[in-house]
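Please read the structure below before turning to the comments.
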Amino acid sequence: MYRVLLLKKVPWVGLEWEIKEVSDGYAQNFLFKKGLAIEIDEKKEKQLAEKKKKEEQRRRDLVTKKHEYVDMLNYKVLEFSMKSKENWHIFWSIWEKEIIERISKDFKLDLEKKHIDMWKEGHIKHIWKRDIFIKFSPKDIAKIIIEVKWV
């Protein structure tokens, strides 16, 4: 018998990130070949449990401190200096990733892409000021001003 960590949902076996015991042939001939699972030992299992514990603690902190985070971020201005053409188009766009990195650096706050709402316009492509929203929950929303300056 193999102890495996399922990387994807496998019908009649288990859900993603579950640890299951399966027969040798099933593991080697199906799960490993299709990339649906990896073999797991006690060391890897402890690492996975530690990672899950840290992620759960981060989620709990986000839920309990969301009001504090909204107050901390609300109406803050994040400045980005970018090279631009004459028509105010910047050479690189500003995506959620860059905003998350800046918030992490300036405010020591870990966010995910799902927290950033850039409206229907999507990424930022012009020299201008633009409002974006950081959504911690439907009721807890912080408004941040992104100011793109010309270098």
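Things to note:
- When shorter helices are ignored and each DSSP H run of at least 4 residues is given -39500 (n - 2.57), the per-residue value for the chain at 222 nm works out to -9000 deg cm²/dmol.
- Cross-link reach is defined here as a Cα-Cα straight distance under 18 Å, omitting same-chain residues fewer than 8 places apart; for Lys8 the aspartates and glutamates meeting it are Glu16, Glu18, Glu21, Glu39, Glu45.
- Charge dipole of the chain about the Cα centre (unit charges at C-beta), most positive-ward option of Leu15, Phe32, Ile134: Ile134
- Set against the labelled values [x] 16.0; [y] 19.1; [z] 18.7, Kirkwood radius over Cα pairs in Å computed from this structure falls on [z].
- Peptides 38-47, 90-99, ordered by how many other C-beta atoms sit within 10 Å of their residues on average, highest first, read 90-99, 38-47.
Laboratory data are not the source of any read-out in this text; all were calculated from the coordinates shown. Remember, predicted model here, so these are calculated numbers, not experimental data. A quick note on method: Cβ atoms are made from the backbone with ideal geometry, for glycine too, and the neighbour counts reach across all protein chains shown.
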